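Trainee: Please read through the structure below; I'll follow up with questions.
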Amino acid sequence: MFVALERTPPLLRLRLSPSFFCTMSDQQTAAIIAARQAEIRAKLAKFQQQQKGAPPPSAAPPPSRPPSQAPSSSTFSASPLTNRRPESSSASPSSLPSRGSPAGGSGGSADLDLIQRKIAEAKARLAGNNTLVAPRATAKGIYVPDDKGRVGTPQVGLDATGSIDLQAMLSSIPKREVATAKANQRSAQKKEGPGIGIGSKAKNPYLEYPTEATTIPTKRKARPLKFVQPGKYIEKADKERKHAQLERLKQEIAQNVKKAGMEVELDISDKALKKEPGPPAEWWDAPFLPNKAYTDMDETPVKPEELDQLVTLYVHHPIPIKPPSEQNSTPVVRSLMLTKKERKKLRRQRRQETQKEKQDKIRLGLLPPDPPKVKISNLMQVLGQEAIQDPTKIEARVRKEMAQRQQQHELTNEQRKLTPEERRAKIMNKLAEDKKQSNEVAVFKIKNCAHPKHRYKIEKNAQQYQLTGIVVVHPKCHLVIVEGGPKGIKAYRKLMLRRIDWNDMPPPKNTDGSSDMMDIDRFNTEGEDNKCYLVWEGQVKNKAFRKFTWRSFESEKMAREELSKWNVEHYWDAAVMASDEDLAARQPEL
């Protein structure tokens, strides 16, 4: 195809765009070129006949071609790919008349000879130029320049197989400069430094640029998102509503008072309140001030070197003042806390005084002297010759005296001991005094405490420590609430959390008690770890219970209603809502 185009005159070469060949196959392209060549030859022959005055020969019709292989001339001329019609008048350079003369004159033959001569020169020049010249690609196609640098018509390149090299045609098409090219150039100029581009000192001397001594500020870090806590604005709105409701209530009260004629002027200005002026100087600062006042401190400053006698290592504590609630109450006598060394010293002094009094009474004859304290170890030193004469008799006597002294010592200790009634009364008095200090409450949660062994320990210890409360037995959980003094609650907490083995539930000895057996069968948790947890412990203002009771309920509603009679239903809510894992994590260390 390329050779066929080279043999035709330059002015009659087909100006086809490379994009036109991209849409056709090789057979269709060859058929189109053959058809156009036949049409051009026919027109050229007709034009030559007209120039010579001979009748035109019958032009052979163009070879028939199937419509599926090549389009018609009208379709070719109106193709949107070329966007131009083929110049049929310029079919052959020999048949082209000159523009300034009519066809068929002498001027036309001269022009025709000139055109043919130029064609011959061009063919000779192309034949003699065997070197390949680098083609130049433009937006309209590929142009091959000649040896003199002149550019011819666009040429179509072929690949090794003889078909059109579309890849070379696409790669040779120059790319249009886009807007990002300038932007890239500007960014490159910025990266080169402050001395290049618009911001240079030569163009803008008023700009300051960082030097090596100054550090370039780092990029500010992005601030993290701060989400609003759930319920923040709801709580704020609730506060505003309560404040508005309070103001509205105050206005209603003021209106009612005004209607009743009971309005009293309560606005008292600050001027009406007379306050006593403060002292010129506090008592702890007065010795250090020259004029006993703070006003002249700037004129006569304090000199530290003159205060050696006033500033000592001793601390002056102010006199303690009782609060108004304890001014009329009976004074509380508290024993002095002594160290172990001080307690031993006092005991030694007390025993010495007692021994000295006894010795004085013996000297005055009020008491008989103590017999010698003879032992087996000092037998020979005390008795001497008497022990040598009859040692067996002396040894028996010494052993008898030792037994008497031991018996007297034990008798004295027994007399000094308290009787069981006195001991019990002493314990009760201590517990009564303990209850007066504060009201402590402890709430325990147990999976199962209905066993008679556990029930006996719970009730008996509560009575012994003088505790009040209630035990709520429910299939979901068993709740124990106790109230009492700090010492009683402390001992009961050790009982519930450490002393009782809640998994030790042997069969009861008395099987006659049907109620106990029913409770055990009803709340039996076989295979589960029975454990006691401390739900809450703290102080309350007043006690809620008068005695220690035991209650069993089938439904949770009944248990809560029973506790609501004593206003302690919140203990049940706290025990039910808390899981065993949460309770185990916050158990106290015993």
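The values are calculated or read from the model by the stated rules, or taken from the named source; none is laboratory data. As the structure is a prediction and not an experimental result, all values here were calculated from the model. Cβ: placed from backbone, ideal geometry, glycine included. Neighbour counts: every protein chain shown. SASA here: full protein model, heavy atoms, side chains in, ligands and nucleic acids out. Shrake-Rupley method; radii C 1.70, N 1.55, O 1.52, S 1.80 Å.
Trainee: With no solvent and one point per C-alpha, what does the Debye sum give as log10 I(q)/I(0) for segment 266-387 at q = 0.09, 0.15 Å⁻¹?
Mentor: For segment 266-387, the Cα-only Debye profile gives -0.72, -1.08.
Trainee: Another question, if that's okay. Kindly flag which residue pairs out of 487/509; 430/565; 445/547; 239/565; 445/543; 341/361 have an alpha-carbon separation exceeding 27 Å in this structure.
Mentor: Long pairs (Cα-Cα over 27 Å): 487/509; 430/565; 239/565; 341/361.
Trainee: Then there is this: What full-extension length gain, to one decimal in nm, is calculated for residue 313 and residue 117 as 0.36 nm per residue of separation minus the Cα-Cα distance? Could the numbers behind the result be given before it?
Mentor: Working: separation 196, 0.36 × 196 = 70.56 nm, distance 13.31 nm.
Residue separation times 0.36 nm, minus the Cα-Cα distance, leaves 57.3 nm.
Trainee: What accessible area per residue, rounded to a whole number of Å², is obtained for segment 274-429 using a probe radius of 1.4 Å? The partial results should precede the final answer.
Mentor: Details: 15230 Å² over 156 residues.
About 98 Å² of surface per residue is accessible.
Trainee: I need two numbers for segment 367-482: Rg to one decimal and Dmax as a whole number, Cα atoms only, in Å.
Mentor: 29.4, 88
Trainee: What's the extension gain from residue 540 to residue 237 if we count 0.36 nm per residue and subtract their Cα-Cα distance? Could you put the intermediate results ahead of the total?
Mentor: Details: separation 303, 0.36 × 303 = 109.08 nm, distance 3.29 nm.
My answer for the length gained is 105.8 nm.
Trainee: Evaluate the distance, in nm, between pseudo-label points positioned 7 Å from the Cα of residue 405 and of residue 48 along their respective Cα→Cβ axes.
Mentor: 17.1
Trainee: Semi-axes, largest first, in whole Å: what does sqrt of 5 times each Cα gyration tensor eigenvalue give for segment 408-469? Intermediate results must be reported in sequence, preceding the final value.
Mentor: Details: eigenvalues 228, 65, 12 Å².
Semi-axes (√(5λ), whole Å): 34, 18, 8.
Trainee: Tell me, what ³J(HN,Hα) does each residue in segment 329-338 have, in order and in whole Hz, if you take phi through Karplus 6.51 cos²θ - 1.76 cosθ + 1.60 with θ = phi - 60° and put x for Gly and Pro?
Mentor: Here the 3J(HN,Hα) series is 7, 6, x, 8, 8, 10, 5, 6, 7, 10 Hz.
Trainee: Taking segment 334-386 on its own, what percent of its Cα-Cα pair distances exceed 13 Å?
Mentor: Roughly 73 percent, once rounded to a whole number.
Trainee: When a/c reaches 1.5 or more, the comparison of a/b and b/c decides; with that in mind, is segment 533-579 rounded, prolate or oblate per its Cα gyration tensor?
Mentor: Oblate is the answer for segment 533-579, as a/c is 1.5 or above yet b/c matches or exceeds a/b.
Trainee: Can you find, among 419, 473, 392, the residue sitting farthest towards the positive end of the charge dipole of segment 374-475, where Lys and Arg contribute +1 and Asp and Glu -1 at Cβ?
Mentor: So the residue furthest toward the plus end is 473.
Trainee: To the nearest 0.05, what FRET efficiency results for residue 167 and residue 229 with a Förster distance of 51 Å applied to their C-beta separation? Intermediate values should be presented prior to the final figure.
Mentor: Details: r = 65 Å, r/R0 = 1.27.
It comes to 0.20.
Trainee: Next question. Sort out for me the Cα centre separation of segment 529-590 from segment 394-471, rounded to whole Å.
Mentor: Result: 29 Å between the Cα centres.
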